[in-house]
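**Q** Here it is, the structure, as structure tokens.
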Amino acid sequence: MSDFPSVAVVILNWNGKDYMEKFLPEVVRSSYPNLRVIVADNASTDQSVPFLRTSFPNVEILINNSNEGFAAGYNTALAQIQSDYFVLLNSDVEVTSGWIEPVITLMERDPMVAAAQPKIKSYLNKDRFEHAGAAGGYLDRFGYTFCRGRIFDTVEDDQGQYESASEIFWASGAAFFIKSSYWNLLGGFDADFYAHMEEIDLCWRLKNKGYKIMYCPQSTVYHIGGGTLQTESPFKTYLNFRNNLVLLTKNLDPQKRLYILFIRFGLDFISLLKFVANGKFQHALAISKAHRSFFKNLQRNWSKGTQDVSSFNKTGFYTGSIVWQYFVKGRKYFKDLMQYP
């Protein structure tokens, strides 16, 4: 029996054969001594599975019968895996030497640590943080997400400014470490999210129970980003706006829920007008569609809402408005933002 906790790195794949050909060799060569590497295939049509069987015979393969999306796809896969830790790794991520050990060591030190992420930098510009995760995720009071190292479209270069392990609000789904016991305790992702923000929802549910989410700078990975849904996709806009409203409905203090949602609808309408002004009519329609979907499923999502926030771990929760700080006050960098809650 190994002295190291068991770790299962699980890559959810949908038509990502080219990514796996490029990035899977380094994952397989990971030095962690008690490791399984598993690809969960979401009904790919690009010969991913035959390629894996031929080129990576030691990689385990799980096959989902249909493309269930990110959230349900991982739920289906992880229900079949026994391991102390799950690492949910995007197929478009390049890992580095010794990337697993520091995160597991950090998480083993404290039983209240449920999930964590490494430092996430851009594969296309390796001196710069990557949009989806950077040096750890934060959330403002109106549900807007940002990161140390990335606020909206302002992405920082890595100049050693985030070199200490620290508690955050959410860990990126691009390289998401979680203790399997906590994954199972909360039932994994909410499959209704389909894709985008399901990891933030899971982290917030963990935070509502008092658990910790951590950032580990001793581990670095490089993420391409936008591998499945491109940034300019109206469908991505739809998912982001719909899922953000669901995120708030499920996790906010019940006494503040209606007030915050009311303000978010107003802010979303401003975003819609901005898309119209920029000629991005499909994105404006996506926001409208997101709101219609939200109201259609309001009763279902409201019933999922937390009723007890007495244990809420607020570390990483920004009590101010990131929209106000960034767009009105012009504070583009995390170091400036933290001076003004």
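**Q** What fraction of the DSSP beta bridges in the chain is antiparallel, stated in percent and rounded to the nearest 5?
**A** Once the DSSP bridges in the chain are tallied, antiparallel ones form about 45 percent.
**Q** Counting other beta carbons within 10 Å of each Cβ, put Tyr138, Tyr144 in order, fewest first.
**A** Arranged by neighbour count, lowest to highest, Tyr138, Tyr144 become Tyr144, Tyr138.
**Q** Further question on the same structure: Show me the ranking of peptides 67-75, 179-187 by mean Cβ neighbours inside 10 Å, starting with the highest.
**A** Descending packing order for the listed peptides: 67-75, 179-187.
**Q** Dipole size in debye (nearest 20) for segment 264-323 around its Cα centre, Lys and Arg Cβ +1, Asp and Glu Cβ -1?
**A** That gives a dipole near 220 debye.
**Q** With only alpha-carbon atoms counted, please give the Rg and Dmax of segment 7-223, in Å.
**A** Looking at segment 7-223, its Cα Rg and Dmax stand at 16.2, 49 Å.
**Q** May I ask you to derive the FRET efficiency for Thr96 and Phe235 from their Cβ-Cβ distance with R0 = 30 Å, giving the value to the nearest 0.05?
**A** My answer for the efficiency is 0.40.
**Q** Here's another thing I want to ask about it. Based on the mean of other Cβ atoms within 10 Å per residue, sort peptides 13-21, 41-49 so the most packed one is first.
**A** 13-21, 41-49
**Q** Just going by the charge dipole of segment 75-179, with Lys and Arg at +1 and Asp and Glu at -1 on Cβ, which of Gln161, Thr145, Ser97 is farthest out on the positive end?
**A** Of the listed residues, the answer is Thr145.
**Q** In debye, nearest 20: dipole of segment 7-223 around its Cα centre with unit charges on the Cβ of K, R (+) and D, E (-)?
**A** Roughly 380 debye, rounded to the nearest 20.
**Q** When the chain is modelled as a GNM with alpha-carbon springs shorter than 10 Å, which of Leu88, Leu248, Leu52 fluctuates the most?
**A** Looking only at Leu88, Leu248, Leu52, the largest GNM fluctuation is found for Leu52.
**Q** Could you give the dipole magnitude of segment 1-128 about its Cα centre, charging the beta-carbon of Lys and Arg +1 and that of Asp and Glu -1, in debye to the nearest 20?
**A** Dipole magnitude for segment 1-128 comes out near 220 debye.
**Q** Hey, with R₀ at 30 Å, roughly what FRET efficiency would Gln80 and Leu285 work out to, going by the Cβ-Cβ distance, to 0.05?
**A** 0.20
Each value in this text was obtained by applying a stated rule to the coordinates, not by laboratory testing. These numbers were taken from a predicted model, which means no experiment stands behind them. Note that we place each Cβ from the backbone using ideal geometry, even for glycine, and neighbour counts take in every protein chain shown.
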